[in-house]
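Below: one structure, written as structure tokens.
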Amino acid sequence: MLRCETLNVFYGESHILRDISLEVRDGQVVCLMGRNGVGKTTLLKTIMGLLTPRTGHVYINDRDITSSPPEQRVSRGLAYVPQGRELFSQLTVEENLRLGFEARQGPKDHKTAELAYEEIYTLFPDLPALLSRPGGVLSGGQQQQVSIGRALLTQPKLLLLDEPTEGIQPSIVIEIERVIEDFKKQRRFAILLVEQYFEFAVRLADDFVLMAKGAVVASGPAADLTEEQVKQHLVV
Ligand SMILES: Nc1ncnc2c1ncn2[C@@H]1O[C@H](COP(=O)(O)OP(=O)(O)OP(=O)(O)O)[C@@H](O)[C@H]1O
Ligand SMILES: [Mg+2]
């Protein structure tokens, strides 16, 4: 599904990502882990096309998308839930969600829309009551539900989730975990999840990729993460 090959990314002259290679297979949940500032968000932005690598390649289903703009990547099945949510704060919840639905490929008729929104409201039952509110007035947890809902409405093949539980009340963290777990069972799309909290990550991930100082220091099945690696590189 997704393959990154020896990515090197710079902010100006700061070398942030160093020879990053990783792979996410169809339907798999891969957790990208590492402490603050190791480059997790930078990597997701590079995969999404918001940053251009100085060297290296990004492939989706063996097609090289390294120089494709973000909107073309969306039409190839990438969806991105950024750290900090980034809703359009002036737009209502309904308008934010519609941006996701409109970005999908395939039919967008009334019946398709009804079913698609119904699924999102079943996953996040708080949303229907918030539809007319501007995104900017919602709580962090509510914004995260809208942001995930908007990404799901694009019908992704790969969902990039950047620390979806950061700064969110526990009841919504549980809800988000349940949603990710449900999709994992269905294997409808792959998920690349950024998370620095070991417990949450290890419950959900098939595979892990552990980063330190801009480089991958370990990767493999989640069950193979050692206590030593966790202690050295993660928040427990
Ligand atoms: N726009 C920018 N310009 C310059 N340096 C940046 C910029 N954004 C991030 N950095 C630097 O790049 C490095 C990696 O940042 P990044 O946000 O990718 O880390 P992260 O692993 O996502 O951290 P966190 O867990 O805190 O979200 C950090 O040293 C950060 O200070
Ligand atoms: Mg980050």
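Across the stretch 28-38, the number of residues qualifying as within 8 Å of ligand 1 (Cβ to nearest atom) and either in contact with a Lys or Arg (Cβ under 8 Å, 6 or more places away or on another chain) or not in a loop (DSSP other than H, G, I, E, B) (or both) comes to 2. The single condition from (1) touching a Cys at 6+ places or on another chain (Cβ under 9 Å); (2) of a type outside the set (A, V, I, L, M); (3) surrounded by fewer than 18 Cβ atoms within 10 Å (Cβ to Cβ) that Asp207 fails is (3). One residue stands out in the stretch 97-108 among those that are of a type in the set (A, V, I, L, M, F, W, C) and part of a helix (DSSP H, G or I): the one that is surrounded by the fewest Cβ atoms within 10 Å (Cβ to Cβ), namely Leu99. Does Val58 satisfy the criteria of being in contact with a Leu (Cβ under 8 Å, 6 or more places away or on another chain), within 16 Å of ligand 2 (Cβ to nearest atom), under 20 Å from Leu210 (Cα atoms) and assigned to a strand (DSSP E or B)? So Val58 fails the test. Could you go through the stretch 74-94 and let me know if any residue there is without any contact (Cβ under 8 Å) to a residue 40 or more places away in the chain, charged (D, E, K, R), away from ligand 2 (no atom under 16 Å from the Cβ) and under 17 Å from Gln143 (Cα atoms). Scanning the stretch 74-94 turns up at least one residue that is without any contact (Cβ under 8 Å) to a residue 40 or more places away in the chain, charged (D, E, K, R), away from ligand 2 (no atom under 16 Å from the Cβ) and under 17 Å from Gln143 (Cα atoms).
The residues on offer are Glu94, Glu23, Glu5, Glu86, and the sole one that is out of contact with any Asp or Glu (no Cβ under 6 Å at 6 or more places or on another chain), assigned to a loop (DSSP other than H, G, I, E, B) and more than 13 Å from ligand 1 (Cβ to nearest atom) is Glu86.
Of the residues making up the stretch 28-59, those that are at pLDDT 95 or above, within 15 Å of the chain's Cα centre (by Cα) and closer than 27 Å to Ala223 by Cα are Gln28, Val29, Val30, Cys31, Leu32, Gly39, Lys40, Thr41, Thr42, Leu43, Leu44, Ile47.
Matching residues to (1) buried (at least 18 other Cβ atoms within 10 Å of the Cβ); (2) free of Cβ contacts under 8 Å to residues at least 40 places away in the same chain; (3) out of contact with any strand residue (DSSP E or B) (no Cβ under 9 Å at 6 or more places or on another chain); (4) among the aromatic types (Phe, Trp, Tyr):
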{"residue": "Ala129", "(1), (2), (3), (4)": "no, yes, yes, no"}
{"residue": "Ser132", "(1), (2), (3), (4)": "no, no, no, no"}
{"residue": "Val146", "(1), (2), (3), (4)": "yes, no, yes, no"}
{"residue": "Asp162", "(1), (2), (3), (4)": "yes, no, no, no"}
{"residue": "Gly214", "(1), (2), (3), (4)": "yes, no, no, no"}
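Taking the stretch 129-236 and the helices (runs of 4 or more DSSP H) fully enclosed by it, the elements with 1 or more residues that are under 16 Å from Leu22 (Cβ atoms) and out of contact with any Ser or Thr (no Cβ under 9 Å at 6 or more places or on another chain) are at 198-204, 227-233.
The values are calculated or read from the model by the stated rules, or taken from the named source; none is laboratory data. Predicted model only: the values in this text are computed from it and were never measured. Every residue, glycine as well, gets a Cβ built from its backbone with ideal geometry; the counts of neighbours run over all protein chains shown.
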